[in-house]
Amino acid sequence: MILTQRAFDSLSLAIGRVAQALDAPTYRPAFLIPSSVYALTDLALKSGYPEYHDKVHVADGENHVAFTVTNGNAMVRVTFPRETVEEYPMFDGVPATTLDSEAVLPVDTLRAFLKTAKDGPRSLPILRKVACAINGDITFAHTDLTTPKVVKVPKSDKKFPVVDKCIPRKKPVFSIHLNPILLVETLQVMVKTLSERPVQPCFTFEFYGEEQPVLIKAKSLDSETTELGLVMPMRD
């Protein structure tokens with residue numbers, strides 16, 4: 001079969017259009033940031049390392065949105081189901097679509113929006129979230145139904161640390177389920193008891209089995225002051 005020049009040109013044009021469609025950017029509805037991310041940003045502000053300070057990494061996936069912060073010594077990542085602006089109150093400036101799948105969000109701007117959102121009415125949970133889009137620049141939007149606010153900032157060229165390499169991928173030796181409130185309360189009491197010491201206390205966690213209590217030992221490094229804590233595991 002021999003193609004005529006006209007047929008060849010038509011086929012080339014069709015192939016070009018298909019290639020162009022495949023290379024075209026894929027826009028999706030902009031996503032919502034829960035106000036609970038505000039607590040996550042605290043860790044980003046406590047780093048003494050410039051490469052970690054003031055950075056919140058967002059990865060916008062197909063079904064989930066993940067936020068990651070680190071201070072160089074600890075890392076926290078929170079993954080939420082992806083919620084879109086399709087359910088958000090519409091006002092001038094609210095981003096409709098987003099393109100880029102990840103970015104480093106500016107902490108100060110993010111915290112300002114989240115602080116307003118977390119003070120929103122609990123009877124309207126949608127108002128306790130911030131709309132966000134990443135399209136070369138980053139757009140934040142929020143409203144309490146009376147005062148809409150939209151801010152657009154340039155997308156940062158800062159690189160976020162490759163923290164995924166630090167996450168263990170092997171199967172754990174064993175797992176223990178702990179009540180987080182009970183664990184935090186126990187640690188806070190122990191920290192406050194030693195907080196007057198000029199040196200940070202060192203805490204040691206001892207595990208004796210999946211259903212055995214976790215023993216927490218603390219000792220001020222500049223004295224003989226010691227503490228002992230015990231947290232019972234949760235039963236399935």
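Scan region 190-236 residue by residue and report those that are in contact with a Lys or Arg (Cβ under 9 Å, 6 or more places away or on another chain), among the β-branched types (Val, Ile, Thr) and modelled with pLDDT of 85 or more. Break it down stepwise before answering.
So the first thing to find is which residues in region 190-236 are in contact with a Lys or Arg (Cβ under 9 Å, 6 or more places away or on another chain), and the list is 194, 201-206, 211, 220-223, 225-229.
Subsequent filtering for residues that are among the β-branched types (Val, Ile, Thr) retains 204, 225-226.
The answer is THR204, and nothing else.
Considering region 179-189 alone, what residues qualify as being part of a helix (DSSP H, G or I) and either closer than 23 Å to GLU211 by Cβ or in contact with a Lys or Arg (Cβ under 8 Å, 6 or more places away or on another chain) (or both)? Even if it seems obvious, please write down each step before you answer.
Going through region 179-189, the residues part of a helix (DSSP H, G or I) turn out to be 180-189.
Selection gives PRO180, ILE181, LEU182, LEU183, VAL184, GLU185, THR186, LEU187.
Report whether or not VAL104 is among the hydrophobic types (A, V, I, L, M, F, W, C) and either open to solvent by 50 Å² or more (accessible area, probe 1.4 Å) or in contact with a helix residue (DSSP H, G or I) (Cβ under 8 Å, 6 or more places away or on another chain) (or both).
No; evaluated as a whole, the condition is false for this residue.
For region 156-166, name all the residues that are in contact (Cβ under 8 Å) with a residue 24 or more places away in the chain and either β-branched (Val, Ile, Thr) or over 17 Å from THR68 (Cα atoms) (or both).
We begin by selecting, within region 156-166, every residue in contact (Cβ under 8 Å) with a residue 24 or more places away in the chain; these are 156, 158-161, 163, 166.
The answer is VAL163, and nothing else.
Residues ILE167, ILE176: which one is of a type in the set (Val, Ile, Thr) and either exposed (fewer than 10 other Cβ atoms within 10 Å of the Cβ) or farther than 24 Å from ALA74 by Cα (or both)?
ILE167
Name the single residue, out of those in region 132-178 being of a type in the set (D, E, K, R) and part of a loop (DSSP other than H, G, I, E, B), that is modelled with the lowest pLDDT.
It comes out as LYS158.
The values are calculated or read from the model by the stated rules, or taken from the named source; none is laboratory data. Since the structure is predicted, the reported quantities are computational estimates derived from the model, not experimental observations. Neighbour counts run over all protein chains shown; Cβ positions are idealised from the backbone, glycine included. All accessible areas refer to the heavy atoms of the entire protein, side chains included, with ligands and DNA or RNA removed. Shrake-Rupley method; radii C 1.70, N 1.55, O 1.52, S 1.80 Å.
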